[in-house]
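The values are calculated or read from the model by the stated rules, or taken from the named source; none is laboratory data. As the structure is a computational prediction, the values presented were derived from the model and not from experiment. When we count neighbours, we look across all protein chains shown, and the Cβ atoms used for this are built from the backbone with ideal geometry, even at glycine. Note: accessible area is taken over every heavy atom of the protein model, side chains too, but ligands, DNA and RNA are not part of it. Shrake-Rupley method; radii C 1.70, N 1.55, O 1.52, S 1.80 Å.
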Amino acid sequence: MSDITQPLSEVEIIKENSNYLRGTIIESLNNEITGAIAPADTNLIKFHGSYQQFDRDLESERKHQKLEPLYSFMIRVRLPGGIASSKQWLSIDKLADEYGSGTIKLTTRQAFQLHGIFKSKLKTTIQEINLSLLDTIAACGDVNRNVMCNPNPNQSLLQAEAYDFARKISDHLTPQTKAYHEIWLDKELIAGGAKDVEPIYGKTYLPRKFKIAIAIPPHNDSDIFANDLGLIAVEKNGKLDGFNIAIGGGMGMTFGIPETYPRLANVIGYCSKDQVVDVSEKIVLIQRDFGNRSDRKNARLKYTLDRLGVDKFIQELNVRLGYELKPTKPYHFISNGDTYGWVKGFDGKWHLTLFVEGGRVRDTEQFQLKTVLKKIAEIHDGDFRLTGNQNLIIANISVENKKSVEKILNEYSAGSDKKLTGLRLNSLACVALNTCSLAFAEAERYLPSLIDKLDEIVIANGIEQEPIIVRMTGCPNGCARPYLGEIGFVGKAPGKYNLYLGAGFTGDRLNKLYKENIDEKEIIETLKPILEDFAKNRNKSERFGDFVLRKNYVKATIEGKDFHEI
Ligand code: SRM
Ligand code: SF4
């Protein structure tokens, strides 16, 4: 059990006293004196899918004018497996314009985020999201989050079946409190003094966030090893048979605290598809009961697992299941990125994967992506699929509709990824500034211009087609999974980054610190000779991440606990 000799963290007390996540959110929303909500409610509102933020670009100007920060809210829409209908796309598009910042963020976990929603519009926005048959429950908070799944209907016949399981697991692990419906949807569901029950979570929920992803080999595009629970689909005779189970992945760490580290999940065995919801629940329950509730920096499943040991964890799991996991079945991954462009599906329908830089859907002078997607949604008879790499698949386009979609794309000169380098097409950047309060440095707003400069190097060396995984975050929390970048940048201070090298191309090996706290000039000076060396001296088909290990630029990271060893 979690260490009861240590005092509970403040967030544990807030959860305990919140009456199943109600707190004083209603009073906070009704308080017109401030654009913020009460401090305790800022913790609780996460479980409802929203974060209080403020415009960091305006911070000093507002302070100077003796004004409170310009508070607004981010809303994360839960979208298991990343699939939304055209109607739902249109509704998110409209909400972004009416109440948000006019942009849609496609996240690294296949969800939508809307930014910049003022408190007065928060409830209306959440209501409208629910009207479009989406919701925001448990998109954030100490619960199971959006369950990821390979979204590509063309990559495997198993996709539809695997997606069904993403939904089933997501439904099974959704909090049962009626607080969400009362606060946001004005529903009085607790009649006659009946009490809430949380059969899985209990009233203090989990010690920390919990993340689940499904991958369908050979594609690891949901980066399952970065999840608390990764499920690797296994097929038999063309049908889904079951899942290999991987536990204890996570990216977050804190600078200066070596006891925090990114860690990749361990594959511990196999279960049939009929068992997978049960297995997922029992793993969540072990984390609920054994996770650290005093130190939130040490509370994710990865630390619980390293504290208990993998064998003890499996023992506990088998006891709770009442049966044993079977031995792991063979699996093989070839990539963790997306494949772009048009492809005809198994059933004759068409799918188009578009690169969305930084996952930000917006109109710029050169490129009206938001308008294009809106126009496509107006006629599209298939669906939209968010990938775990912040990209978008316009999926299941009927043969009759393909020409109309192409016409819209051509009209706005979108859809052609030909000029983009392998570096850019494999880049991910977290939100960072100006909305993320934890950012030390830019990421989404900066990476495109850094890649412009790195592009000059790869083009000059004839490796512009080479897919190299580049990931940047504004702080070490790891939201764009930077420790799985063959080149990873992690913000340390404005304009300064730690540079990590050497992750595996399939998301199966963490990278290692190469240079600390460097600015753009030093980044270019550092990477130029390494990329040149790679262009000249790589072995046939050798990946950049493997090359830097072979040439001893960095040592391989074998497991999370070694991450900080240089
Ligand atoms: Fe994240 C916190 C954005 C995926 C690890 N993450 C945040 C917050 C909410 C900042 C905060 O707590 O105030 C960021 C909001 C920024 C903003 O303005 O929108 C934020 N995280 C994101 C997104 C939007 C990044 C993106 O550009 O796509 C991703 C939303 C995913 C989703 O739809 O649910 C996002 N975050 C991730 C991932 C990647 C993943 O899950 O595959 C990770 C690393 C994996 C992991 O969890 O270990 C990640 N986010 C964190 C952490 C560190 C957790 C830890 O264990 O240490 C934090 C900070 C925290 O929890 O204390 C964090
Ligand atoms: Fe914010 Fe850090 Fe996550 Fe980037 S990695 S979104 S800066 S918490």
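Key figures for this structure:
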quantity: For the chain: accessible area per residue (Å², 1.4 Å); calculated: 41
quantity: Whole-number D in µm²/s for the stretch 379-435 (Stokes-Einstein; Kirkwood sum over Cα pairs; 37 °C, 0.692 mPa s); calculated: 241
quantity: Solvent exposure ordering (accessible area, 1.4 Å, most first) of LEU79, LEU308; calculated: LEU308, LEU79
quantity: Radius, Kirkwood style, for the stretch 295-430 when every pair of distinct Cα atoms is counted (Å); calculated: 18.5
quantity: The chain - percent of accessible surface contributed by carbon and sulfur, probe 1.4 Å; calculated: 51
quantity: Antiparallel DSSP beta bridges within the stretch 410-566, percent to nearest 5; calculated: 60
quantity: In order through the stretch 496-508: 3J(HN,Hα) via Karplus (6.51 cos²θ - 1.76 cosθ + 1.60), integer Hz, x for Gly, Pro; calculated: 10, 9, 7, 10, 10, 9, x, 6, x, 5, 9, x, 10
quantity: The stretch 146-227, relative contact order in percent, only Cα pairs under 8 angstrom and at least six apart counted; calculated: 39
quantity: As computed over the stretch 30-163, the Cα convex hull volume per residue (Å³); calculated: 119
quantity: Loop GluC sites (Glu not before Pro), the stretch 265-334, which have at most 16 other Cβ atoms in a 10 Å radius of their Cβ (DSSP); calculated: GLU324
quantity: Cut-off 13 Å between beta-carbons: net charge of the residues surrounding LEU67, Lys and Arg +1, Asp and Glu -1; calculated: -1
quantity: Percentage relative contact order, the stretch 1-139, counting C-alpha pairs under 8 Å, at least six apart; calculated: 23
quantity: Length-normalised contact order of the stretch 488-564 in % [C-alpha pairs under 8 Å, at least 6 apart]; calculated: 33
quantity: Convex hull (Cα only) mean projected area of the chain, reported in nm² to one decimal; calculated: 26.5
quantity: All-pairs alpha carbon distance profile, the stretch 227-295, 10 Å steps from 0, percent; calculated: 18, 41, 26, 11, 3, 0
quantity: DSSP bridge orientation in the chain - percent antiparallel, rounded to nearest 5; calculated: 80
quantity: Scaled radius of gyration (Cα, divided by 2.2 N^0.38 Å) that the stretch 301-354 gives; calculated: 1.99
quantity: Coil-residue GluC sites (Glu not before Pro) of the stretch 1-50, DSSP, other Cβ within 10 Å capped at 13; calculated: GLU32
quantity: Where no second cysteine Cβ lies under 4.7 Å, the cysteines concerned in the chain; calculated: CYS140, CYS149, CYS271, CYS436, CYS475
quantity: Over the stretch 318-380: Rg over Rh, Cα atoms, Kirkwood Rh; calculated: 1.25
quantity: Cα centre as origin, Lys/Arg/Asp/Glu Cβ charges: the stretch 155-273 dipole, Debye; calculated: 180
quantity: Restraint check, LYS209/LYS326; LYS94/LYS123; LYS492/LYS512; LYS15/LYS312, Cα-Cα greater than 19 Å; calculated: LYS209/LYS326; LYS15/LYS312
quantity: Between the stretch 213-267 and the stretch 444-478, the Cα center-to-center distance that results, in Å; calculated: 25
quantity: Loop sites in the stretch 343-392: GluC sites (Glu not before Pro), DSSP, at most 13 other Cβ within 10 Å; calculated: GLU365
